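Everything below concerns the one structure shown next.
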Amino acid sequence: MSQKRRIVYVSGSRADFGLIRSTLHLIHQSKTLDLAVVATGMHLSALHGMTISDIESSGLPIGARVAVDDTASTGATMAKNIGRMLEGLVDTFEQLRPDVVLVLGDRGEMLAAALAAIHLNIPVAHIHGGERSGTVDEPVRHAISKLSHIHFVATEESAERLSRMGEAPERILVVGAPGLDGLVEHANIDRDTLFGKYHLDTTLPLALMLFHPVLQEASVAGKGGAKILDALGKGLQVLALNPNSDAGSEGIRAELETRARNGDITLVTHLPRVEYLSFLKHADLLIGNSSSGIIEAATFGIPVVNVGTRQSLRQRNSNVIDVPVSVQAIRAAVAAALSMPRGKGDNVYGDGQAGARIVAYLADAVLDDQLMRKINAY
């Protein structure tokens, strides 16, 4: 029997792991592929919930843990952590000897993984390339694409953009967003049980809030969180998740913690994937600037108020209302969103079958010297 092809996925947060989890299970179950997950970034931070436990409880094999500094949320720390991860991932890849390194999205963990892999002559497969966001995430995403050899994109628009960037069209595959796979099936907790666990009132409307900092706006991130909460007012109960570790997150977290102590909101550090998806099903509104509002929310038809610049220029579904960071504008958008009928589940980001397409390609792709010669196609 021929040796299995080893796929190493690098995960840095609850967000990317939740999106890729179903695909990783398909890889793990494959007769021709072997999986190892490398955990780094926020997964190993107590401040962010030690979400390495999500990977452990999934039953997926963890190949290594690469720790970073989580003591300060600054741009300098973010940059230094890329260096720490780069060094740790080089050692890890030399030990695990992957045939393909798989990465998703636009964060520093994925950039470090791509840099390490390409210098070790290991093919990089990148999910969600070719998308726009208008913040620091966008150039990081495109840098990862330029370091990658195989592109699993969510939409035709993303594929066209990568082609214009000089990536070889035969290496660009439109598979859809893997985060859509199994969404409806996994949102299986009923409203009464879910609300009861978090002491929420089932008779009142609920806003689910996910608001992350933007590096270029780090100094005012906390004020942005405050404006969202001020706009939501008293007639709407709020379940908020703590932000990621990027520069500016301390200001948002402080604002959320103050509101939670005052009894204005319910604050959680982390929701298990099944609970989060069930909230997308049962909540009346998603507000903030998470990619979940752009990609996943439409499958449940939940209206989304997208605040600020973090997701600017990305493809949208019809359930998204974009607003600036202004109390008046947010308040008007919330009123409009609450009056919107729930959508039908149509989603420009795919049909929920991305994982099977990714696994099939990884199993059959020709991994030769020609693939590793990264040059612009024009």
Task: In the stretch 85-103, the residues that are under 9 Å from Val10 (Cβ atoms), in contact with a helix residue (DSSP H, G or I) (Cβ under 7 Å, 6 or more places away or on another chain) and not in a helix (DSSP H, G or I) - done: Val101, Val103
Task: Out of Ala221, Ala231, sole residue that is touching a Lys or Arg at 6+ places or on another chain (Cβ under 6 Å), assigned to a helix (DSSP H, G or I) and surrounded by 21 or more Cβ atoms within 10 Å (Cβ to Cβ) - done: Ala231
Task: Residues of the stretch 334-375 that turn out to be exposed (fewer than 14 other Cβ atoms within 10 Å of the Cβ) and among the β-branched types (Val, Ile, Thr), as a count - done: 2
- [ ] Could you please find all residues in the stretch 126-142 being surrounded by fewer than 24 Cβ atoms within 10 Å (Cβ to Cβ) and of a type outside the set (Asp, Glu)?
- [x] Arg132, Ser133, Gly134, Thr135, Val136, Pro139, Val140, Arg141, His142
TODO: Residue by residue through the stretch 58-90, note down the ones that are surrounded by fewer than 14 Cβ atoms within 10 Å (Cβ to Cβ), at pLDDT below 95 and not aliphatic (A, V, I, L, M).
DONE: Asp69, Thr71
Open item on the list: Of all residues being in contact (Cβ under 8 Å) with a residue 60 or more places away in the chain and assigned to a helix (DSSP H, G or I) in the stretch 113-140, which is farthest from the chain's Cα centre (by Cα)? Just the residue, please.
Closed with: Ile118
Task: Segments classed as helices (runs of 4 or more DSSP H), wholly inside the stretch 237-338, with at least 2 members that are at pLDDT 95 or above and within 15 Å of the chain's Cα centre (by Cα) - done: 273-282, 291-295
Task: Matching residues, the stretch 17-33, being surrounded by fewer than 18 Cβ atoms within 10 Å (Cβ to Cβ) and either closer than 13 Å to Glu56 by Cα or among the charged types (D, E, K, R) (or both) - done: Lys31
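The values are calculated or read from the model by the stated rules, or taken from the named source; none is laboratory data. Keep in mind that this is a model prediction, so the values were computed, not measured. Neighbour counts run over all protein chains shown; Cβ positions are idealised from the backbone, glycine included.
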